[in-house]
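Quick notes on the structure that follows.
Readers should treat all values here as calculations from the given coordinates under stated rules, not as data from a laboratory. Because the structure is predicted, anything quoted here is derived from the model rather than measured. Methodologically, a virtual Cβ is constructed for each residue, glycine included, from the backbone with ideal geometry; neighbour enumeration extends over all protein chains shown.
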Amino acid sequence: MSFSREQWEELEEWSYLKSMISKLVTNDKFSAISLQAFCETSSPVLQMGRQRQDAELNDDSLFLIASLTKPVIATAILKLVELGKLSLNQRLSEILPEWNRGEKRRITIRQLLCHASGLPDQLPENLELRDQQATLDEFYQRVIDVSLDYPPGTSSRYQSMGYLVLAKVVEKLTRLSLEEFIHLQIFIPLGMNNSFLGIPASANSTALLNRVVDVDLPEEQLELTGNWNSDYWRSLGAPWGGMLSTSADMLKFCVEMTKIQRGAGTILSSASLKEAYQPQLSFFEQMSEREKNYRSWGLGWRHNWKAHPETFGDTLPENVIGHWGATGCLMWIDLDTNSAAVICTTKPSSQSRVKLVQLSNMVHTVIQASCRKFRTSQSGN
């Protein structure tokens, strides 16, 4: 017997969550919210608000999920590990010879995945490149030449540019674009039919672009022609944060991780997932204790930094894995309790992190109630 979606809606905690989301949208805290939770079975999608000024949010609305993209890319890299195409401790320069220079020749695939490569988060000229509608190749050429912030493997600082480099690794080893590879290896097997690493150039690209939810732009992007809401950015397919999806599709991805944990997944082995969620920074001899203990990263997945403003939730354990997205998105997975949640909004996390954590706390409360009710019903059968 499974816990039905109708039973989710019967929960008192679900009704409370629904009323609070209504208040957040009505009081203009968020222009749009879409979320879905999982414990043994998926909840209904709960969404409210507007896609843009002239359109209501609907089941087809696509959110720019920003850095929730990164665990998807990391999963693609682990697939290449399983296929024998690369190894985690392999030097990047062995695959891409342009990195065989100075300290950059020491960068490994593992370091790129867990933000220990020394590359910067963004290029100094990031905004200028976006204003010029630069291609990913143009971004990449600048990354090759940019100075490292520290010697590889000696520290850990968030590095979006490392994921651009990983895209080039995928392309070199598979002779497919990153978008093609994740479509074949992840989106199709999981039925993620509303997920795109950039809106593709096709006959229906205009229709797809019209499905994208507008983000409430931060001040630094208001005059930027390459802002989050531009057709350019929505189509670029930035490997560090350019994926468009729905809360339902991203929950499919999260649920797959719980299936893999139980040996029932399809896109990775349980051994690969275990490696992905292990605290990676402890493997580096020169890594500081602060980063090992308080800023822990897996491969693409972040652990729950309990004392950080962008914790995944106040009552979630520290070994929960997930990711934040700068556009106001959040996902987390508790592999121990077989539960997960995805929250997509339109308010940048820099402006909404307190409300997002509070929202995640409420979702976690609903999940616990659902788990209790499901397990009670199971024990009675």
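Remark: segment 365-374, residue by residue, has Karplus-estimated 3J(HN,Hα) of 4, 4, 4, 4, 5, 5, 4, 4, 5, 4 Hz, where x stands for each Gly or Pro and the curve is 6.51 cos²θ - 1.76 cosθ + 1.60 at θ = phi - 60°. Backbone phi angles across segment 87-100, fed through the Karplus curve with coefficients 6.51, -1.76 and 1.60 (θ = phi - 60°), yield HN-Hα couplings of 10, 5, 8, 5, 6, 4, 5, 6, 9, 10, x, 5, 8, 7 Hz in residue order; Gly and Pro are listed as x. In summary, the lysines within cross-link reach of Lys23, defined as a Cα separation below 22 angstrom excluding same-chain residues under 8 places away, comprise Lys347, Lys355. Across segment 9-150, C-alpha contacts under 8 Å between residues 6 or more apart give a mean separation that, scaled by the residue count, equals a relative contact order of 12 percent. Distance from the alpha carbon centroid of segment 41-71 to that of segment 288-362 works out to 18 angstrom.
With N the number of residues in the chain, Rg(Cα) / (2.2 N^0.38 Å) evaluates to 0.96. Seen from Thr376, the other residues with C-beta closer than 14 Å to its C-beta sum to a net charge of +1, counting Lys and Arg as +1 and Asp and Glu as -1. Under 24 Å from the Cα of Lys172, which lysines turn up, not counting those fewer than eight places away in the same chain? Excluding near neighbours in sequence, the set is Lys70, Lys79, Lys85, Lys104.
Just need the relative contact order of segment 71-167 here, percent rounded to a whole number, with Cα pairs under 8 Å and 6+ apart.
34
Under 5 Å between amide hydrogens, built in the peptide plane, is the criterion, and for Leu62 it picks out Val212, Val213 among residues at least 5 positions away or on other chains. Of all stretches in the chain that contain no trypsin sites (Lys or Arg not before Pro) in a DSSP loop with at most 12 other Cβ atoms within 10 Å, the longest one is 263-381. The local environment of Ser155, defined by Cβ-Cβ distances under 9 Å, has a net charge of -1 under the rule Lys, Arg +1 and Asp, Glu -1. Contact order, relative form, for the chain: 24 percent (alpha carbon pairs under 8 Å, 6 or more residues apart, mean separation divided by residue count). Under 16 Å of direct C-alpha separation, and excluding same-chain neighbours fewer than eight residues apart, Lys168 reaches these aspartates and glutamates: Glu94, Glu98, Asp137, Glu138, Asp145, Glu179, Glu180. Please give the net charge around Arg52, taking every other residue with its beta carbon less than 14 angstrom from that of Arg52, where Lys and Arg add +1 and Asp and Glu add -1. Around Arg52, the charge tally is -3.
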